[in-house]
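Accompanying notes for the structure given below.
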Amino acid sequence: MAVLVVVVAGLLHAWRNTNVLTADRLCGGLVSAAQADAVLPGSGRLDAEGDGPGEDLTDTECRVGKSSVVLGSGE
């Protein structure tokens, strides 16, 4: 039972605080996770809102942010 708790806690931490379970590309493939991680300060998981490219690039809307539930992460 203790092993199960440790595994679940580890998976929850990986999902919530790292990019291990995040897609490699964000915003419909326009931005790589590595590029976004390089310019956003702090640690945490990358999140993207928006569907990426519209009919032409003038319709493109996407917002990328970083969040974490670790104490002292800045959020």
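Things to note:
- Between CYS62 and VAL20, the simple label model (points 7 Å from Cα in the Cβ direction) yields a spacing of 2.5 nm.
- With contacts taken as Cα pairs under 8 Å at a separation of at least 6 residues, segment 2-67 carries a relative contact order of 28 percent.
- Values of log10 I(q)/I(0), in the order q = 0.18, 0.19, 0.24 Å⁻¹, for segment 2-67 under a Debye, Cα-only, solvent-free model: -0.69, -0.73, -0.97
- The calculated FRET efficiency for VAL7 paired with ASP37, based on their beta-carbon distance and R0 = 22 Å, is about 0.30.
Every number here is computed from the coordinates shown, using simple stated rules; none is lab data. Since the model is a prediction, treat every value here as computed from it, not as a measurement. No Cβ is skipped: glycine too gets one built from the backbone with ideal geometry, and neighbour counts run over all protein chains shown.
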